[in-house]
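**Student:** My structure is below; once you've seen it, I'll send some questions.
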Amino acid sequence: MKNKRFVALAIALLIGGGLGAATADQGLERTSASWTDQGQVAAAVTAGTWTTTTASSCVAYGDNRVQLAGCRVVGTSYYFGWVDSGKHFRNYYLNFDVPSGTRWVSFDVDLSTVQGNESTWSWTSSKVLSGAQFTSRDGWNCSQLPRARGTGLEWQTHSIYFKVVENDPGASAMCS
């Protein structure tokens, strides 16, 4: 008999507790957050090339290719000339302010921002000629013109010269 009373009491408490919770809940308003969490995703880059849109920049290197602080691009210019049969060329000059002890200068320059003595030019048919005073870096090639990324030849630290041609498929280029 005690078991039956215990079971009846337990059932009564459950029913009464449920009814009490239901009646207590009726007097409350439900709320929700007034903001939404934003998700963020990150992934490692495994292939491809990147093009930077920053202003012209340089890095100076001393002995053993130790990076030195204080390299600045202080001037960029070109001189425009004609070859023959509608072929054009530009003589580019990149000028740097470098710290003492500099042996190499690495640069990243947007040639489309360089001021010169003419305005018509097509970058799609342009290439840097062999004999430039720099070697390409970071996988740079002529298809990325007007952006030029390279490292000057040793001791070419204050000024780097190179020639770019347009519409000259037979010209000997340092890059394709």
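The values are calculated or read from the model by the stated rules, or taken from the named source; none is laboratory data. Please read all numbers here as calculations on a predicted model, not as lab measurements. Every residue, glycine as well, gets a Cβ built from its backbone with ideal geometry; the counts of neighbours run over all protein chains shown. Quick note on the areas: whole protein, heavy atoms, side chains included, nothing else; ligands and nucleic acids left out. Shrake-Rupley method; radii C 1.70, N 1.55, O 1.52, S 1.80 Å.
**Student:** Pairs of Cα atoms under 8 Å, at least six residues apart: use those to get the relative contact order of the range 96-159, whole percent.
**Tutor:** In percent, rounded to a whole number, it is 53.
**Student:** Moving on. For a label point 7 Å from the Cα of Asn95 along Cα→C-beta, name the residues of the range 153-176 whose backbone N is under 17 Å from it.
**Tutor:** 156-162, by backbone N distance to the label point.
**Student:** Using only Cα atoms, figure out Rg for the range 53-161 and give it as a multiple of 2.2 N^0.38 Å.
**Tutor:** That works out to 1.09 for the range 53-161.
**Student:** How many percent of the accessible area of the range 90-157 is carbon or sulfur, using a 1.4 Å probe?
**Tutor:** C and S atoms contribute 45 percent here.
**Student:** What is the local net charge at Tyr61, summed over the other residues whose Cβ is closer than 12 Å to its Cβ (Lys, Arg +1; Asp, Glu -1)?
**Tutor:** +1
**Student:** Over the range 77-131, what is the relative contact order in percent, taking alpha-carbon pairs closer than 8 angstrom and at least six residues apart?
**Tutor:** About 38 percent, as a whole number.
**Student:** Once you list every other residue whose beta carbon is under 9 Å from the beta carbon of His88, what net charge do they have if Lys and Arg are +1 and Asp and Glu are -1?
**Tutor:** Spelling it out: positives minus negatives among the neighbours equals -1.
**Student:** Further, regarding this structure: Taking a label point 7 Å from the Cα of Thr124 along the Cα→Cβ vector, which residues of the range 157-176 have an amide N closer than 14 Å to it?
**Tutor:** In the range 157-176, the label zone of Thr124 (backbone N under 14 Å from the point 7 Å along Cα→Cβ) covers 167.
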